[in-house]
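First comes the structure, then the notes that go with it.
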Amino acid sequence: MSECVICGKQGEKHHIVYKSQGGLDIPVNYIFLCAYHHRSLEGPHKNREIDIKYKKLVQNKLISILKNDFYDMKEVAKILEINPMQARILSNEIKKYKLGYKKMDIIKRIMGGKLY
């Protein structure tokens with residue numbers, strides 16, 4: 001397992017955009033947190049400010065790494081380091097235009113259908 005990004009103790013995977021919110025199991029959508037920083041009052045599950053902070057960090061990271069206005073899914077898969085199956089799941093709910101998938105549609109899908 002990886003270390004908690006806050007304190008360095010043994011961590012567990014935390015989905016920043018929860019699966020119940022439409023979040024995907026892809027590297028950009030998770031960080032490792034120890035049990036305390038994951039589920040305590042100082043963790044994203046019980047502290048809305050921290051939850052939103054992590055979501056904004058992911059959203060801003062996506063905006064910075066997806067530099068073009070349109071992409072094909074092979075490009076997205078390479079940039080996000082996801083496999084073809086994950087790319088297909090990502091593309092299922094996004095409209096494809098002649099030029100490809102819109103950057104902001106991709107980001108919105110990864111963010112569970114909303115922007116922060």
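Summary table
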item: Residue satisfying all of: in region 68-102; in a loop (DSSP other than H, G, I, E, B) and free of Cβ contacts under 8 Å to residues at least 24 places away in the same chain; nearest to His38 (Cα to Cα) among these; result: Asn83
item: In region 1-56, the residues that are loosely packed, with under 12 Cβ neighbours inside 10 Å and either of a type in the set (Lys, Arg) or closer than 23 Å to Arg88 by Cα (or both); result: Lys19, Ser20, Pro27, Arg48
item: All positions within region 15-74 that are of a type in the set (Gly, Ala, Ser) and touching a helix residue (DSSP H, G or I) at 6+ places or on another chain (Cβ under 7 Å); result: Gly23, Gly43
item: Residue selected from region 5-21 under the condition in a loop (DSSP other than H, G, I, E, B) and within 13 Å of Tyr54 (Cβ to Cβ), by the criterion farthest from the chain's Cα centre (by Cα); result: Ile6
item: Qualifying position, being assigned to a loop (DSSP other than H, G, I, E, B) and within 17 Å of the chain's Cα centre (by Cα), among Tyr54, Tyr116; result: Tyr116
item: Failed criterion for Lys114 (all others in (1) surrounded by fewer than 17 Cβ atoms within 10 Å (Cβ to Cβ); (2) more than 17 Å from Val17 (Cα to Cα); (3) charged (D, E, K, R) hold); result: (2)
item: Qualifying residue in region 25-47 (condition: touching a residue at least 40 places away in the same chain (Cβ under 8 Å) and among the aromatic types (Phe, Trp, Tyr)); result: no
item: Residue match in region 73-89 (condition: surrounded by 15 or more Cβ atoms within 10 Å (Cβ to Cβ), under 12 Å from the mean Cα position of the chain (by Cα) and within 30 Å of Gly11 (Cα to Cα)); result: yes
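Bear in mind these aren't lab numbers, they're just calculated from the coordinates by the rules spelled out. Bear in mind the structure is a predicted one, so any value in this text is a computation, not a measurement. So basically every Cβ, Gly included, is an ideal-geometry build from the backbone, and we count neighbours across all protein chains shown.
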